[in-house]
Amino acid sequence: MNYPVTRMRRLRANENIRRMVRETSLSVNDLIYPLFCCPGEKVKNEINSMPGNYQMSPDMIVEECKEVKDLGIPAIILFGIPEQKDPFGSDSYSEDGIIQTTLRAIKESVTDLIVITDICMCEYTDHGHCGIIKNKDVDNDETLKYLARQALSHVSCGADMVAPSDMMDGRVGAIRDILDENNYTNTPIMAYSAKYASAFYGPFREAAESAPQFGDRKSYQMDTANVNEAIREIELDIIEGADIVMVKPALAYLDVIYRAKQEFSMPLAAYNVSGEFSLIQAAAKMGWIDKERIMLEVLHSIKRAGADIILTYFAKDVANLINK
Ligand code: PBG
């Protein structure tokens with residue numbers, strides 16, 4: 001039936017009718033909030049390029065976790081900024097590492113909040129690469145041992161889920177094996193499966209102090225022009241035992257999210273990364289855009305493309321809006 005019998009505007013007439021026919025909804029259940037932990041006490045340093053986000057000492061992270069939980073957000077993901085960096089990223093698997101200390105502090109006083117840890121070497125190595133360097137290159141198989149050790153250490157200190165973001169081949173299998181061997185068979189892995197070598201991580205590298213000191217990440221993170229390769233990466237992670245797969249970044253890769261959701265019946269996460277957040281914050285600061293509306297529009301687009309879960313620095317803002 002065409003116009004004038006059909007009139008699309010009938011179902012747009014008011015907010016109630018629009019609510020009834022809305023195809024995508026955003027819920028606090030979808031959100032994971034990233035947090036950056038650093039050594040010390042009572043430290044809460046705002047990250048210059050990421051307003052409203054902070055490097056926080058474990059005690060402050062605990063307070064933040066309570067707030068996040070009260071907002072109904074089900075999960076956080078932790079990134080660590082260690083006291084000392086070295087070529088092997090040893091803080092990342094040390095009993096007294098920054099993540100381990102923070103995990104123990106959270107688990108002592110906050111219940112019912114899923115604590116995920118990012119598994120990677122770049123925040124802990126002095127060269128800033130995501131693995132162990134041999135002959136001026138990141139050595140894949142050597143790195144797997146370190147990633148597995150890091151994951152086991154996090155889980156033994158209370159991490160509820162681990163999220164490898166390094167993009168080494170075989171890391172999901174290596175982590176699954178070591179967790180299973182140590183009776184952590186019920187700990188899920190959320191794999192950063194299709195992670196691109198993106199310029200959108202710029203502000204994060206300031207936040208985590210993790211920029212590579214030489215070269216770039218293009219020999220392990222994906223070429224930004226590819227999508228078939230993303231499907232292969234996701235498939236391999238599923239075969240290796242990933243429980244949740246991820247596409248990262250989100251906004252410039254909505255087609256990848258869409259393809260991934262069509263191809264696999266897996267819970268799919270998308271990371272609305274630091275650069276996507278900072279662009280909106282900066283334009284809002286200039287008075288050029290309406291921050292709240294743009295934030296919701298962007299997050300809806302990520303859900304509409306097919307993501308079930310969104311990692312976003314806007315999580316608290318969204319929860320505050322939804323809960324209003
Ligand atoms: C660690 C890691 C990065 C991000 C998440 N985990 C940075 C990178 O790969 O350089 C980026 C997150 C963001 O930009 O918000 N490898």
Query - Base-10 log of normalised Debye intensity for region 176-324 (one unit scatterer per alpha-carbon) at q = 0.10 Å⁻¹ - result: -0.40
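What do you get for Rg/Rh over region 14-72 if you use C-alpha atoms and the Kirkwood form of Rh? Before the final figure, lay out the partial values.
Numbers: Rg = 16.9 Å, Rh = 13.9 Å.
Dividing the radius of gyration by the Kirkwood radius yields 1.21.
With a 10 Å radius around each residue's Cβ, average the other Cβ atoms per peptide and rank 208-217, 314-323, 9-18, 120-129, highest first.
On the way: 208-217: 15.5, 314-323: 17.9, 9-18: 9.1, 120-129: 24.1.
Peptide ranking by packing, descending: 120-129, 314-323, 208-217, 9-18.
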Query raised in the report: What ranking do 102-109, 172-179, 146-153 get when scored by the average of other Cβ atoms within 10 Å per residue, highest first?
Result: 146-153, 172-179, 102-109
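Hydropathy at least -1.0 by Kyte-Doolittle, axial extent at least 20 angstrom from the Cα trace: which helices of the chain, defined as entire DSSP H runs, fit?
Long hydrophobic helices here: 140-156, 291-305.
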Query raised in the report: According to the Cα gyration tensor, what semi-axes, each the square root of 5 times an eigenvalue, does the equivalent ellipsoid of region 106-212 have, listed from largest to smallest in whole Å?
Result: 24, 18, 12
**Report entry** Label-point separation, residue 66 to residue 44 (7 Å along Cα→Cβ), nm
**Finding:** 1.1 nm
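Among DSSP beta bridges lying fully in the chain, give the percent that are antiparallel, nearest 5. Before the final figure, lay out each step's value.
Values: 5 of 37 bridges.
Antiparallel bridges: around 15 percent, rounded to the nearest 5.
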Query raised in the report: With each label point set 7 Å from Cα along the Cα-Cβ vector, what nm distance links residue 284 and residue 227?
Result: 3.0 nm
Requested in this report: Calculate the translational D of the chain in whole µm² s⁻¹ from Stokes-Einstein, where the hydrodynamic radius comes from the Kirkwood formula applied to all Cα pairs, the temperature is 25 °C and the viscosity 0.890 mPa s.
Outcome: 121 µm²/s
Query raised in the report: What does the convex hull of the alpha-carbon atoms of region 26-125 project to on average, in nm²?
Result: 6.7 nm²
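Take each of the peptides 64-72, 132-140, 305-313, average the number of other beta-carbon atoms within 10 Å over its residues, and list them starting from the highest. Don't jump to the answer; show the numbers that get you there.
Working: 64-72: 16.8, 132-140: 14.9, 305-313: 22.1.
Packing order, densest peptide first, comes out as 305-313, 64-72, 132-140.
Just so you know, all these numbers are worked out from the coordinates, no wet-lab data involved. As the structure is a computational prediction, the values presented were derived from the model and not from experiment. Glycine gets a Cβ as well: all are built from the backbone with ideal geometry, and neighbour counts include every protein chain shown.
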